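Below: one structure, written as structure tokens.
The values are calculated or read from the model by the stated rules, or taken from the named source; none is laboratory data. The model shown is predicted, which means the values in this text are computed figures rather than measured ones. A quick note on method: Cβ atoms are made from the backbone with ideal geometry, for glycine too, and the neighbour counts reach across all protein chains shown.
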Amino acid sequence: MLEIDNLTKTFTDNKGGEICALSDVSLKIEAGQFVSVIGPSGCGKSTLLRIISGLDNATKGSVRVVKNGSLNAGFVFQEYALFPWMTVLDNISLGPEIQGVAVSKRVDKALSYIERFELKGFENKYPKELSGGMKQRVAIARTLINNPSIILMDEPFGALDSQTRSMMQKFLYEIWSESKKTILFVTHNIDEAIYLSDSIVGLSKRPGKILLSLQVEMPFPRNVTEDEFNRYRTEIITFLNRENQ
């Protein structure tokens, strides 16, 4: 279980004033859950992920793993964050290389991800030669190969066109179903959150506080045209409209 306790983050602006991005955020995420975070722009969604990952520090509060040891987080960014001078194979196998895994073992492992992620034939291509969806598959594979305890995803499909985004949502669902990884997923797309998540957390306008906690009790795979899906959609839209006022 990932336990976030009374997390607060305050920044100092150029004039020396304080800006509170997050205020007393508390959240418990069970192992294997898929949790989406939604909220208006500037409410601290990305800041929350950065603090959990260790890329930023909280002003107050804590992030800890209960019962299962240390937090090992993998981060998937919206902008892919692939190294342009590295091939697909080299990008995916970078983590094991840094960990000192032998060349043959890390290459074999990376090739197994390339096969599973439908990237076979693109092993020696560079990021500039890939479509947006393929780049994001490489980024997800590069994260999973390190076997993180939790995967943090910050608007990973935001830059994709509608058709590719839909395909990537289905792909991510399949990967999550197989891997049973814990995923914390930031998105502005309401349907995406409902389609993928066990639960959805809504942050208020800045400073971000959790004002919505929604369990999505629909069986997978989900149909966006069903009445039940629309009920969740309406509840989230009502929340966001209130927070955007």
Specify which of the listed residues (Phe220, Phe229) is part of a helix (DSSP H, G or I) and surrounded by fewer than 19 Cβ atoms within 10 Å (Cβ to Cβ). Phe229
I'd like the full set of residues that are crowded, with 16+ Cβ neighbours inside 10 Å, in a helix (DSSP H, G or I), more than 24 Å from the chain's Cα centre (by Cα) and not charged (D, E, K, R), limited to the range 88-134. Val107
Among the strands (runs of 3 or more DSSP E) confined wholly to the range 32-78, which include 1 or more residues that are buried (at least 17 other Cβ atoms within 10 Å of the Cβ), touching a Gly at 6+ places or on another chain (Cβ under 8 Å) and at pLDDT 90 or above? 34-38
Could you check how many residues of the range 197-222 are free of Cβ contacts under 8 Å to residues at least 24 places away in the same chain and in contact with a strand residue (DSSP E or B) (Cβ under 8 Å, 6 or more places away or on another chain)? 4
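Filter the range 113-144 for residues that are among the small types (Gly, Ala, Ser) and more than 19 Å from Val76 (Cβ to Cβ) and give the result.
So in the range 113-144, the residues among the small types (Gly, Ala, Ser) come out as 121, 131-133, 139, 141.
Matches in the range 113-144: Gly121 only.
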Can you name the condition, by its number, that Asn91 falls short on among (1) among the polar types (S, T, N, Q); (2) more than 28 Å from Lys209 (Cβ to Cβ); (3) at pLDDT below 95? (3)
Of the residues Val201, Val224, which single one is on the phi < 0 side of the Ramachandran plot, over 15 Å from the mean Cα position of the chain (by Cα) and among the β-branched types (Val, Ile, Thr)? Val224
Would it be correct to say that Leu214 is touching a Gly at 6+ places or on another chain (Cβ under 9 Å) and outside any helix (DSSP H, G or I)? yes
Residue among Thr234, Thr164 that alone is in a helix (DSSP H, G or I) and under 25 Å from Pro148 (Cβ atoms): Thr164
Single residue of the range 106-158 satisfying the filter (on the phi > 0 side of the Ramachandran plot and of a type in the set (D, E, K, R)) that is modelled with the highest pLDDT: Glu155
Check the range 159-177 and report whether any residue there is surrounded by 19 or more Cβ atoms within 10 Å (Cβ to Cβ), aliphatic (A, V, I, L, M) and either at pLDDT 95 or above or farther than 17 Å from Val37 by Cβ (or both). yes
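Evaluate the following for Lys128: is it more than 19 Å from Leu55 (Cα to Cα), in contact (Cβ under 8 Å) with a residue 40 or more places away in the chain and not β-branched (Val, Ile, Thr)? Write out each step before concluding.
Values: more than 19 Å from Leu55 (Cα to Cα): yes; in contact (Cβ under 8 Å) with a residue 40 or more places away in the chain: yes; not β-branched (Val, Ile, Thr): yes.
Spelling it out, Lys128 is indeed more than 19 Å from Leu55 (Cα to Cα), in contact (Cβ under 8 Å) with a residue 40 or more places away in the chain and not β-branched (Val, Ile, Thr).
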